[in-house]
Amino acid sequence: PSKYPAAVQLMTAFVANHGKSKEQTVVQAIDALGRMNADMGKLPEAEAAYLQIKELDEQRASRLATVIFTAYLTHAENLDKELDAAVSAQKDKASTDKLKAELTQVRTRLCNLGVDYMRASQKPGLGILVNTMGALEKLDDWKKVDEVAKRALELYGAETEAKTKQVID
């Protein structure tokens, strides 16, 4: 990870120089950029790589979306814990409001990525669908909760495997 910034700089230059090409090396470089940025917590940059790779390689884009989604989910969970701690410690309103706004922004980006992934993937992962629904619920976006729930039921409703069936039920 300490070498990521230099690697990101080199990969960014490579993509800038060869980005018009649809060669596999360019796709791999964009994927690596997205993964490194996600690891470093630079989620908007990781998302930009996802949007770029989405046009070039659907399968690789799907895998990258999963990595970025997981990073957003972890970030949202950490912010939620931080907000709970701030409220428990009776921090000033400005501090808690700032955390609430950041958490809402992260959840919104998480949901947008989850819905985009769901729409672009033939069979999106159930975990992403469930976590997207949970975040949408916390944002009170019931219309999208319904959309994601219907897609989850459509794809996984007939599953007989115990874990999947439990999640769907």
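The values are calculated or read from the model by the stated rules, or taken from the named source; none is laboratory data. None of the values given here were measured: they were computed from a predicted structure. Neighbour counts are summed over all protein chains in view; Cβ atoms, including those assigned to glycine, are modelled from backbone coordinates with ideal geometry. Accessible surface areas use protein heavy atoms only, side chains included; no ligands, DNA or RNA. Shrake-Rupley method; radii C 1.70, N 1.55, O 1.52, S 1.80 Å.
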Region 87-120 - residue that is open to solvent by 90 Å² or more (accessible area, probe 1.4 Å) and among the polar types (S, T, N, Q) and, of those, nearest to Ala65 (Cα to Cα): Gln105
Taking region 76-86 and keeping only residues that are within 23 Å of Gly127 (Cβ to Cβ) and open to solvent by 60 Å² or more (accessible area, probe 1.4 Å), one is left with Glu77, Asn78, Lys81
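Tally time: how many residues in region 33-61 are among the hydrophobic types (A, V, I, L, M, F, W, C) and surrounded by fewer than 18 Cβ atoms within 10 Å (Cβ to Cβ)? If you could, list the steps in order and put the result at the bottom.
Keep residues of region 33-61 that are among the hydrophobic types (A, V, I, L, M, F, W, C), which gives 33, 36, 38, 40, 43, 46, 48-49, 51, 53, 56, 61.
Pick out the ones that are also surrounded by fewer than 18 Cβ atoms within 10 Å (Cβ to Cβ) and you get 40, 48, 51, 56.
Number of matching residues: 4.
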Can you confirm whether region 20-30 contains a residue that is open to solvent by less than 70 Å² (accessible area, probe 1.4 Å) and within 29 Å of Leu103 (Cα to Cα)? yes
Is it fair to say Leu56 is more than 18 Å from Ala71 (Cα to Cα) and either charged (D, E, K, R) or not in a helix (DSSP H, G or I) (or both)? yes
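Please determine, by comparing only the residues of region 121-150 that are farther than 24 Å from Thr74 by Cα and outside any loop (DSSP other than H, G, I, E, B), which one is most open to solvent (accessible area, probe 1.4 Å).
The initial filter retains those residues of region 121-150 that are farther than 24 Å from Thr74 by Cα, namely 122, 143, 150.
If we keep only those that are outside any loop (DSSP other than H, G, I, E, B) as well, we get 143, 150.
Values: Lys143: 170, Lys150: 121 Å².
Among those that are farther than 24 Å from Thr74 by Cα and outside any loop (DSSP other than H, G, I, E, B), it is Lys143.
Without any contact (Cβ under 8 Å) to a residue 40 or more places away in the chain, farther than 15 Å from Gly41 by Cα and within 12 Å of the chain's Cα centre (by Cα): is that true of Arg119 in this structure? Spell out how you get there, then give the answer.
Values: without any contact (Cβ under 8 Å) to a residue 40 or more places away in the chain: yes; farther than 15 Å from Gly41 by Cα: yes; within 12 Å of the chain's Cα centre (by Cα): no.
The answer is no for Arg119.
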Somewhere in region 14-37, is a residue in contact (Cβ under 8 Å) with a residue 24 or more places away in the chain, of a type in the set (Asp, Glu) and assigned to a helix (DSSP H, G or I)? yes
So, of the residues in region 38-53 that are in contact (Cβ under 8 Å) with a residue 24 or more places away in the chain, in a helix (DSSP H, G or I) and among the small types (Gly, Ala, Ser), which turns out to be farthest from Met118 (Cα to Cα)? Ala38
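Restricting to region 151-160, what's the tally of residues that are open to solvent by 30 Å² or more (accessible area, probe 1.4 Å) and small (Gly, Ala, Ser)?
First, the residues of region 151-160 that are open to solvent by 30 Å² or more (accessible area, probe 1.4 Å): 151, 153-155, 157-160.
Right, trim to small (Gly, Ala, Ser) and you get 157-158.
The qualifying residues number 2.
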Would region 67-75 turn up any residue that is over 30 Å from His18 (Cα atoms), at pLDDT 95 or above and crowded, with 17+ Cβ neighbours inside 10 Å? yes
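Kindly provide the set of residues from region 60-89 that are touching a residue at least 40 places away in the same chain (Cβ under 8 Å) and not hydroxyl-bearing (Ser, Thr, Tyr), ordered by number. Write out each step before concluding.
Taking region 60-89 and keeping what is touching a residue at least 40 places away in the same chain (Cβ under 8 Å), we get 61-62, 65-66, 68-69, 72-73, 76.
Correct list: Ala61, Ala65, Ile68, Phe69, Leu73, Ala76.
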